[in-house]
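What follows is a single structure, written as structure tokens, with notes after it.
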Amino acid sequence: MSATTDSRAETVDESTVAAAAQRLAAAAATGNPCAPIRDLIGPDDVATAYRIQEHFNSLRVGGNVVVGRKIGATSEAVQTQLGVRQPDFGVLFADMAYADGDVIETGRLLQPRAEAEVAFVLSDDLAEGPLDVAQCRAAVDYAVAALEVVDSRITNWDISFADTVADNASSGVFVLGAERRTLAQFEPVEVTMSMRIDGAEVSTGTGAACLGDPLNALSWLALRAREFGDPLRAGQVILSGALGPMRPVGPGSVVEVVIGGLGSLSASFSNEEVIR
């Protein structure tokens, strides 16, 4: 992703951007959460936060193939949980992807929380034109139920908006369901969601909770991605945002998601820690 040309981003020098990215990278590598990034750039410096995100992502060890994007903080419930007031976006890499029924290595995550959402897979680029809902709808090949496991490299999820942006929108890993639906077969805004952890229902929601319609979220992302010089491309996976509150998970947890009209999926978390 190319950094924004917003002049506000130029008020923070590259050494500060690099130091912030290195802080996040060290937390990811060691499994020890770090101090907030906002003490380096300010809590609302979104332009610089996206510069840090780009640098942080460039420091990833392996798995650097981009497979899509994620939209964060699209539901009022999650915005309230995180103390933020607007959406953000991050990058999805190949080594973050899991399939329905997979076991997720708990030790690769620091402070994981699960949320259920609609994922779109694109058949066409979203680079030109108005990038409105109608164009975005036409560019969707199919949709699947998805589980996103968000994570924070920052201690105790003590984040401002700039913190979560810099931290690749608090990305962790994601799981895609196996049942594919075209947009001729269901309406994203009409879906209902139920998420269970270890058999207990812990989160519910609807398609309307995601910026009024998951397709609104896709349009928002398409516009933002183009603005940042890296438009959405055919074949990419787009996690459109949570349909309800996120919930913590840990070693041994089993998560089940049902999205009415779209399908279901499950994933479990290993009991073993991973040596970093």
Practice prompt. Using per-residue counts of other Cβ atoms within 10 Å, averaged over each peptide, order 113-124, 230-241 from highest down.
Written response: 113-124, 230-241
Worksheet item: In the calculated pair distance distribution of the chain, what percentage of Cα-Cα distances lie above 36 Å?
Response: 8
Practice prompt. Could you tell me which of 191, 234, 99 has its Cα farthest along the dipole of the chain towards the positive end, charges placed at Cβ (Lys, Arg +1; Asp, Glu -1), taken about the Cα centre?
Written response: 99
Item to complete: Add +1 for every Lys or Arg and -1 for every Asp or Glu among the other residues with Cβ under 13 Å from the Cβ of residue 98, and state the total.
Response: -4
Worksheet, complete the sentence: Quick calc: nm separation of the 7 Å Cα→Cβ label points for residue 190 and residue 44 -> 4.1
Response to the item:
Summing +1 per Lys or Arg and -1 per Asp or Glu among the other residues with Cβ less than 15 Å from residue 181's Cβ gives -4
Discussion item. Could you work out how much longer the chain between residue 18 and residue 30 gets when fully extended? Use 0.36 nm per residue separation minus the Cα distance between them, nm to one decimal.
Written reply: 2.5 nm
Worksheet item: Roughly how many Å² is the accessible area per residue of region 227-276, as a whole number, for a 1.4 Å probe?
Response: 41
Discussion item. I'd like the carbon and sulfur percentage of the solvent accessible area for the chain, probe radius 1.4 Å, heavy atoms only, ligands and nucleic acids excluded.
Written reply: 50
Fill in: Environment charge at residue 132 (Cβ cut-off 13 Å; Lys +1, Arg +1, Asp -1, Glu -1)
0
Discussion item. Probe of 1.4 angstrom, ligands and nucleic acids ignored: what's the accessible area per residue over region 158-217, in square angstrom?
Written reply: 36
Worksheet entry | Dimensionless Rg over Rh [region 222-275; C-alpha; Kirkwood] | 1.11
Worksheet item: Tell me, what is the 1.4 Å probe accessible area of residue 108, in Å² to the nearest 10?
Response: 80
Worksheet item: Listed highest first by mean packing, meaning other Cβ atoms within 10 Å per residue, what order do 246-258, 157-169 come in?
Response: 157-169, 246-258
Response to the item:
Rounded to one decimal in nm, the spacing of the 7 Å Cα→Cβ label points at residue 94 and residue 180 is 1.9
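The values are calculated or read from the model by the stated rules, or taken from the named source; none is laboratory data. Source: prediction; values computed, not measured. Because the Cβ atoms are built from the backbone with ideal geometry, glycine has one as well, and the counts that use them run over all protein chains shown. Ligands, DNA and RNA are stripped out before the accessible areas are found, and what is left, the full protein with its side chains, is counted by its heavy atoms. Shrake-Rupley method; radii C 1.70, N 1.55, O 1.52, S 1.80 Å.
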